[in-house]
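First up is the structure itself, then whatever we jot down about it.
The values are calculated or read from the model by the stated rules, or taken from the named source; none is laboratory data. As the structure is a prediction and not an experimental result, all values here were calculated from the model. Here the Cβ positions follow ideal geometry from the backbone for every residue, glycine too, while neighbour counts run over all protein chains shown.
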Amino acid sequence: MGPLTLKAGRTKSVEQSIRDTDEPGTRLRKDLTWVDLTVFGVSVVIGAGIFTVTATTFANITGPALSISFIMAAITCGLAALCYAEFASTLPVAGSAYTFSYATFGEFVAWIIGWDLILEFAVGAAVVAKGWSSYLGTVFGFAGGTVRLGPLDLDWGALLIIGVVTTLLALGTKLSSHVSAVITAVKVSVVLLVIVVGAFHIKPENFAPFIPPTETGEGAAGTGIDQSVFSLLTGGSGSHYGWYGVLAGASIVFFAFIGFDVVATTAEETKNPQRDVARGILASLGIVTVLYVGVSIVLSGMVNYAQLRDAGDGHPNLATAFSLNGIDWAAKIISIGALAGLTTVVMVLVLGLSRVMFAMARDGLLPRSLAMTNHRDAPVRITVVVGVMIAVAATAFPMSKLEEMVNVGTLFAFVLVSAGVIVLRRTRPDLDRGFKAPFVPALPILSIVACLWLMLNLTALTWVRFAVWMVVGIAIYAFYGYRNSVLGQRLAAETAVGPAAR
């Protein structure tokens, strides 16, 4: 058996995972309540999705049927959220899906999902930081936050926001939660403004046709390698508009829900994780679903999808829809709200990534020195490293077509977490579960099917990029993580002691 096959059998027990949280020098402070977790969840979910992805998906892919796509994505997230809530209440340890997989499927699968989460949070934070930089220019009236340095376009706006949120997080999670709460109140107010003001400008004729006909023909968008895998497999002519567009739209607007799983990464820092993590996850997801469906209905009624597509040059946002209706004052407020909203999204994504990599470093799969905390039990080292990683990506590299990369990684994580609930129920029925997902195993199975369904409706090119990322991750694990695993060294020491004792 090769080393990777052997490694897959190393499973870290729930009890050992919890004991590791008390290791001197790598301990996190328990400061958070369910209200803090709800704020984190809402603050990261209401951001890039509602202010950018919503309008572009409506204009380019779904048309007025956008609300159906949102409901599909919300149902998928709701099923996964119940599975996350059970795992987080049973295993309140930093790392989210990475830690959960370690306790059920073993170290190799845990590494794969950890590498996958790095993709989700790092790319997501970099994309949102660049969006923040763009809105900065819109709000203050200049051409974006970039400057030309030789062959590179340095995005100083993205660098600025990443530097600010990294500093806040390094000072402590509780402080960042207070800042996040204030900014979240601002952007939720802006979303409510969109719904209330936009409702007075709904025109029934804009809802027809509710599902526009599929775009076909040579050169049409959503065809070829940019076509969803499902439409390719079933012989569809394209995945922009039509029912294939509605299905593909659900896979895209799923990006707008990404972030509620970040709540699970803070379980180790929660005062009463058995109760509060489940509350935080479900409350944040419920709030944003209501807001998203409301915005999608209002947007569909305010402006014709083709008009919005043409006005935004293929990349419209909510402010564009209000400008087309002559409500320029609201468009300006929306831009300010988007700037505030994207600030907290970057903050919570940096938080989530730092906690996942912290857990991986504490397990030795990344350098152990990165898991050290300071005198206030704050993981400053890994937070700074994460900030630098995201800053480099956001300032030096172009970000296009990456929302789908984030989506495929997240959906893959959801599949493993849902499967893990079934496995842990059977292998460890004795564990104390602060929250139990209902209808197990039926509900986790439905969650897996729904996630795989959305993954099939992503483009073929996205799958190719995801495969390349996974190959790189497996290579790093084989040459570093396998040899430096704390669990592996512990098991080797126990094996050596055994024969000596005999």
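From 258, 252, which residue is among the β-branched types (Val, Ile, Thr), modelled with pLDDT under 75 and crowded, with 24+ Cβ neighbours inside 10 Å?
258
Within the set of pairs 6+ apart or on separate chains, which have a first residue in region 1-24 that is more than 13 Å from residue 106 (Cα to Cα), a second that is at pLDDT below 80, and C-beta atoms under 6 Å apart?
Between residues of region 1-24 that are more than 13 Å from residue 106 (Cα to Cα) and residues that are at pLDDT below 80, the close pairs are 21/93; 21/268.
Could you tell me whether residue 448 is of a type in the set (Val, Ile, Thr) and under 15 Å from residue 82 (Cβ atoms)?
The answer is yes for residue 448.
Just name the residue that is modelled with the highest pLDDT out of those in region 419-439 that are of a type in the set (Lys, Arg) and within 15 Å of residue 274 (Cβ to Cβ).
436
Could you list all residues from region 134-184 that are assigned to a helix (DSSP H, G or I), at pLDDT below 70 and within 20 Å of residue 51 (Cβ to Cβ)?
Correct list: 138 only.
Any residue at all in region 325-333 that is of a type in the set (Val, Ile, Thr) and within 21 Å of the chain's Cα centre (by Cα)?
no
Give region 435-461 a look and list any residue that's touching an Asp or Glu at 6+ places or on another chain (Cβ under 8 Å) and under 18 Å from residue 72 (Cβ atoms), or say none.
Of everything in region 435-461, those that are touching an Asp or Glu at 6+ places or on another chain (Cβ under 8 Å) and under 18 Å from residue 72 (Cβ atoms) turn out to be 458, 459.
Could you say whether any residue in region 321-333 is over 30 Å from residue 85 (Cβ atoms), outside any loop (DSSP other than H, G, I, E, B) and of a type in the set (D, E, K, R)?
Yes, because at least one residue in region 321-333 is over 30 Å from residue 85 (Cβ atoms), outside any loop (DSSP other than H, G, I, E, B) and of a type in the set (D, E, K, R).
Of all residues in region 74-97, which are within 14 Å of the chain's Cα centre (by Cα) and under 19 Å from residue 360 (Cβ atoms)?
84, 95, 96, 97, listed by residue number.
How many residues does region 407-432 contain that are within 11 Å of residue 90 (Cα to Cα) and crowded, with 20+ Cβ neighbours inside 10 Å?
2
Could you say which residue among 63, 49 is at pLDDT 80 or above and surrounded by 21 or more Cβ atoms within 10 Å (Cβ to Cβ)?
Just one listed residue meets the conditions, 63.
Could you look through region 190-215, keep only residues that are assigned to a loop (DSSP other than H, G, I, E, B) and among the charged types (D, E, K, R), and pick out the one that is farthest from residue 322 (Cα to Cα)?
215
When the residues of region 409-446 are filtered to those that are assigned to a helix (DSSP H, G or I) and among the aromatic types (Phe, Trp, Tyr), which remaining residue is nearest to residue 123 (Cα to Cα)?
412
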